[in-house]
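The values are calculated or read from the model by the stated rules, or taken from the named source; none is laboratory data. All values derive from a computational prediction rather than experimental measurement. Virtual Cβ from ideal backbone geometry, glycine too; neighbours counted across all protein chains shown. These accessible areas exclude ligands, DNA and RNA; they are computed on the full protein's heavy atoms, side chains included. Shrake-Rupley method; radii C 1.70, N 1.55, O 1.52, S 1.80 Å.
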Amino acid sequence: MARITASVYTSHVPAIGAALDLGKAGEPYWQPVFKGYEPSKAWMRANTPDVIFLVYNDHATAFSLEMIPTFAIGCAAQFNPADEGWGPRPVPVVAGHPELAAHIAQSVIQDDFDLTIVNKMDVDHGLTVPLSLMFGQPEAWPCPVIPFAVNVVQYPAPSGRRCFALGRAIRKAVESFDAPLKVQIWGTGGMSHQLQGPRAGLINKAFDTAFLDRLIADPAGLSQMPHIDYVREAGSEGIELVMWLIARGAMNDKPPRVAHCFYHVPASNTAVGHLILENT
Ligand code: DHB
Ligand code: FE
């Protein structure tokens with residue numbers, strides 16, 4: 001049977017992708033950010049999974065205000081990097097895993113979570129920047145990826161509680177797939193940031209570090225935090241953090257091993273947070 005081996009959590013700042021693509025990763029501003037992901041790349045080389053289930057949000061790229069699914073699972077064989085206004089990022093095409101994606105859709109929908117099935121979709125920085133941070137700049141991504149898009153752009157966003165329960169349903173789905181696959185689940189976006197309005201530029205280090213601590217030690221309690229607390233404490237785009245609870249909910253119930261933890265401010269307009277948790 002397939003199993004979830006580990007979960008990875010990371011911010012998805014678009015300027016990080018641009019820094020890599022334009023050869024600026026060594027500049028003094030970016031150097032500390034990429035240094036924080038050196039242990040992660042070494043860990044990934046030693047722990048490359050068979051499939052990544054990548055929870056992220058689309059930023060009105062594949063979807064628009066015309067149509068916004070709350071939860072959407074990518075079931076296609078491939079996903080092209082999206083053109084977000086300045087051409088697609090020069091990164092590899094993302095290979096999907098249609099068989100596992102279809103199995104997860106079947107299991108999770110029958111477990112009462114209404115997923116939108118997506119058979120064609122371009123993927124934006126929300127998905128490609130985490131891949132770049134964890135894998136660098138390879139010719140091809142080293143394993144298939146199932147994109148799982150969550151609406152945190154147009155209100156109402158799903159609650160942390162529902163995201164955590166959805167993670168549990170995803171774990172059950174993976175564990176009932178009849179092939180010995182090692183699956184990682186990634187939760188991306190965040191940490192605190194607000195891109196617009198009078199509070200633009202908001203960063204809340206105390207909130208972010210407490211969130212990291214609770215995600216490790218008390219995820220069920222953390223999942224009860226109402227959405228208004230995310231917005232008040234972590235800014236309007238800080239709500240992206242609910243996606244981390246999907247990945248955490250998919251982990252088993254024993255305390256995880258913390259393989260890596262990193263926090264850095266600033267990177268563009270957001271605090272960069274990053275965790276790797278292994279199932280024990
Ligand atoms: C920034 C952060 C995001 O999460 C995003 O989607 C777009 C921009 C930023 O920090 O600039
Ligand atoms: Fe974002």
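Looking at the structure I just gave you, is VAL183 surrounded by 22 or more Cβ atoms within 10 Å (Cβ to Cβ), modelled with pLDDT of 95 or more and under 23 Å from LEU241 (Cβ atoms)? Answer is yes for this residue. So which residues in region 121-155 are within 15 Å of ligand 1 (Cβ to nearest atom), part of a loop (DSSP other than H, G, I, E, B) and out of contact with any Pro (no Cβ under 7 Å at 6 or more places or on another chain)? Scanning region 121-155 gives ASP124, VAL152, VAL153, GLN154. Taking region 211-243 as the range and being part of a helix (DSSP H, G or I), surrounded by fewer than 16 Cβ atoms within 10 Å (Cβ to Cβ) and free of Cβ contacts under 8 Å to residues at least 24 places away in the same chain as the test, the residues that pass are ASP213, GLY221, ILE228, ASP229, ARG232. Here THR188 passes the criteria (1) within 27 Å of ALA19 (Cβ to Cβ); (2) open to solvent by 60 Å² or more (accessible area, probe 1.4 Å) except the one numbered (2). Beta carbons closer than 8 Å, at least 6 apart along the sequence or on distinct chains, pair a first residue in region 154-174 that is polar (S, T, N, Q) with a second that is surrounded by fewer than 21 Cβ atoms within 10 Å (Cβ to Cβ) and part of a loop (DSSP other than H, G, I, E, B) for GLN154/LEU65; GLN154/ILE68; SER159/PRO226.
Exactly one residue out of ILE246, ILE276 is more than 14 Å from LYS35 (Cα to Cα) and assigned to a strand (DSSP E or B), and it is ILE276.
Within region 194-210, how many residues turn out to be in a helix (DSSP H, G or I) and farther than 16 Å from GLY160 by Cα? Qualifying residue count, region 194-210: 3. Taking each residue of region 51-72 that is within 28 Å of ILE276 (Cα to Cα) and looking for partners that are aromatic (Phe, Trp, Tyr) and more than 16 Å from ligand 2 (Cβ to nearest atom) with beta-carbon atoms closer than 8 Å, six or more apart or interchain, yields PHE71/PHE113.
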